[in-house]
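Worksheet: the structure to be examined is printed underneath.
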């Protein structure tokens, strides 16, 4: 199912900066997904219906050439048989039954295709809801991490000032600098995670 979302490309999100990328609304995403799935089913049915063209040929009789003797009366009154080859037509009830069986099979396959598409549609919308929920949780986590990191940044400014003034030793300063930089890196990784989710599944707006 994830491959389905990858195929739904759009230029709307591609033009936005990654750090400030915002997903369209849930309603617009679901509407865009419906549009895509409807077009996909229409294309599948069109291809299927195209393959059905020419089924009427199965109802045509078979044409051939036969040698059917025909009795004719000659000038002298004798009966003679003419064996000149003539076109023949043959048609059987089995031919009709086979053609109707093929029609029933094709109708069943078409209905099966539509039913399968309906199930896929439900699964796709559930998957989209799951991704939107995950996106919301990631944004909440990212916002919290940014707020904590801002506090750490203010504290690190004070620590940096103490270090510059030689009030603390390098042994005291470097672990705190390392912790601050690791916090910055964690925020950046979370931003990349959010951007990756938006870039992969946020391209439903068409």
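Values in this text are rule-based calculations from the coordinates and carry no lab data. Predicted model only: the values in this text are computed from it and were never measured. We place every Cβ from the backbone using ideal geometry, glycine too, and count neighbours over all the protein chains shown.
Being surrounded by fewer than 15 Cβ atoms within 10 Å (Cβ to Cβ) and more than 18 Å from residue 198 (Cβ to Cβ) is the filter here; which residues of segment 114-138 pass it?
Hits for segment 114-138 are 114, 115, 116, 118, 119, 122, 123, 126.
Within segment 188-196, identify whether any single residue is within 21 Å of the chain's Cα centre (by Cα) and without any contact (Cβ under 8 Å) to a residue 24 or more places away in the chain, and answer yes or no.
Within segment 188-196, one or more residues are within 21 Å of the chain's Cα centre (by Cα) and without any contact (Cβ under 8 Å) to a residue 24 or more places away in the chain.
Give just the number: which of (1) over 29 Å from the mean Cα position of the chain (by Cα); (2) in a helix (DSSP H, G or I); (3) over 16 Å from residue 23 (Cβ atoms); (4) without any contact (Cβ under 8 Å) to a residue 40 or more places away in the chain does residue 143 not satisfy?
(3) is the only condition that residue 143 fails.
If you go through segment 162-173 one residue at a time, do you hit one that is within 30 Å of residue 32 (Cα to Cα) and either surrounded by 14 or more Cβ atoms within 10 Å (Cβ to Cβ) or under 34 Å from the mean Cα position of the chain (by Cα) (or both)?
No; the residues of segment 162-173 include none that is within 30 Å of residue 32 (Cα to Cα) and either surrounded by 14 or more Cβ atoms within 10 Å (Cβ to Cβ) or under 34 Å from the mean Cα position of the chain (by Cα) (or both).
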